[in-house]
Amino acid sequence: MKTLAIEFSSAERSVALLEKNDAGKPKCVAQSSETGLSTTNTFGMIELALTKAGWEREEVEQIAVGLGPGSFTGVRAAIAIAQGWSLARDIKLQGVNSAEALAHRARAKGCVGRITVVSDAQRREFYVADVDLQPGEPIARPELRIATNAELTDRESQGTLLVGPEINKWFPAGRELYPDALNIGLIAMTRTDFVAGEKLEPVYPRETAFIKAPPPRTIPPMNPPSRAS
């Protein structure tokens, strides 16, 4: 199955094209990425990857999307692309937790054993997932939770490797890595839990809290000014 993978949850945005090789295993055909820009050349990245692979848009059979947690705008942009594409063509869609993709990338970069995947949750808090990376063993889907800076500082002091985007802004001994489209696609191609476009939703572990707006006020009409006689 020819797959387009999109990962926009961090400052390192990427797309990848994958298909299965003769042995039936997923392989990467082409990639493109952008880092640190204020805007994303979304369709330019996709077109570049398609050109590298020699694919037409119509050949894409599946889109895999990184669902975060991460950039509010980036994740929703990736979801919107997948939803729009699926309306135009009958393709399969799949969402992948970006923290899981980051764990797979960490193992590919040589990380072994227990690590903690970290991403900024704002409000001086972090989204974290504890992952056990063992060569040749499957990586369990991570369970995300909220952690404080103090908790992660304590973990780091005890020798736990913290891994994540821009991690060194908060934790100097951490390893800076970003989720990528390649691993989003590799994970997606091992699964068959496809979803409808409207079911693609960002991963957002924080409990939603809001204050209901008061009812609108009724403003009486103004009396027209009287004419002078």
Report task. Enter the Cα centre distance for the pair segment 147-208 and segment 72-126, rounded to the nearest angstrom. Result -> 8
Query raised in the report: Short version: ³J(HN,Hα) in whole Hz for each residue of segment 196-201, in order, from phi by Karplus 6.51 cos²θ - 1.76 cosθ + 1.60 (θ = phi - 60°), x for Gly and Pro, what are they?
Result: 6, x, 6, 8, 6, 9
Requested in this report: Please report, in Å, the Rg and the Dmax of segment 1-88, where both are computed over Cα atoms only.
Outcome: 12.7, 41
Query raised in the report: In whole angstrom, and with the biggest value first, how far do the Cα coordinates of segment 149-194 range along each principal axis?
Result: 40, 16, 15
Query raised in the report: Non-local amide H neighbours of Leu177 (under 5 Å, H modeled in plane, Pro and chain starts lacking H): which ones?
Result: Gly164, Glu166, Ile167
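Normalising by the residue count of segment 1-46, find the relative contact order in percent from Cα pairs under 8 Å and 6+ residues apart. Walk me through the numbers before you get to the answer.
Values: 70 pairs, mean separation 14.8, N = 46.
Relative contact order for segment 1-46 comes out at 32 percent.
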Query raised in the report: Given q = 0.19, 0.20, 0.22 Å⁻¹, what are the Debye log10 I(q)/I(0) values for segment 27-148, with equal point scatterers placed on the Cα positions and solvent ignored?
Result: -1.21, -1.26, -1.34
**Report entry** Accessible-area order (highest first, 1.4 angstrom probe) of the listed residues Asp120, Asp154, Asp22, Asp180
**Finding:** Asp22, Asp154, Asp120, Asp180
Query raised in the report: What is the helix-to-structure angle for 42-53, meaning the angle in degrees between its Cα long axis and the longest Cα principal axis of the chain, kept from 0 to 90 and rounded to the nearest 10?
Result: 20
Report summary line: The set of residues whose placed amide H lies less than 5 Å from the amide H of Val29, leaving out same-chain residues fewer than 5 positions away, is Leu17, Leu18, Glu19
Query raised in the report: From the backbone phi of segment 177-189, what are the Karplus-calculated ³J(HN,Hα) couplings (6.51 cos²θ - 1.76 cosθ + 1.60, θ = phi - 60°) in whole Hz, Gly and Pro given as x?
Result: 9, 10, x, 9, 5, 4, 6, 4, x, 4, 5, 4, 6
Query - Point-charge dipole on Cβ atoms (K/R +1, D/E -1) for the chain, about Cα centre, debye to 20 - result: 600
Report summary line: Diffing segment 80-85: the Karplus 3J(HN,Hα) column from phi (6.51, -1.76, 1.60, θ = phi - 60°), in whole Hz with x for Gly and Pro, holds 4, 4, 4, 5, x, 4
**Report entry** Charge dipole of the chain about the Cα centre (unit charges at C-beta), most positive-ward option of Asn97, Pro138, Phe126
**Finding:** Phe126
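What size of dipole, in debye to the nearest 20, comes out for segment 1-74 about its Cα centre when the only charges are +1 on Lys and Arg C-beta atoms and -1 on Asp and Glu C-beta atoms? Don't jump to the answer; show the numbers that get you there.
Details: 7 positive and 10 negative charges, 35 e Å.
About 160 debye.
Once you've got the Cα coordinates, tell me which of Lys2/Lys199; Lys2/Lys169; Lys27/Lys169; Lys25/Lys109; Lys2/Lys109 are over 30 Å apart.
Long pairs (Cα-Cα over 30 Å): Lys2/Lys169; Lys27/Lys169.
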Requested in this report: Show Arg124, Arg13 ordered by accessible area, largest first, where the area counts protein heavy atoms only and the probe is 1.4 Å.
Outcome: Arg124, Arg13
Query raised in the report: Is the chain rounded, prolate or oblate when judged by the Cα gyration tensor, a ≥ b ≥ c being the square roots of its eigenvalues, rounded requiring a/c under 1.5 and prolate requiring a/b larger than b/c?
Result: oblate
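Pairs of alpha-carbon atoms within less than 8 angstrom and 6+ residues apart define the contacts here; what relative contact order does segment 1-95 have, in percent?
Working: 167 pairs, mean separation 30.3, N = 95.
Once divided by the residue count of segment 1-95, the mean separation gives 32 percent.
The values are calculated or read from the model by the stated rules, or taken from the named source; none is laboratory data. Since the structure is predicted, the reported quantities are computational estimates derived from the model, not experimental observations. FYI the Cβ positions are ideal-geometry reconstructions off the backbone, even for glycines, and counts take in every protein chain you see. Ligands, DNA and RNA are excluded from the accessible area calculation, which covers all protein heavy atoms including side chains. Shrake-Rupley method; radii C 1.70, N 1.55, O 1.52, S 1.80 Å.
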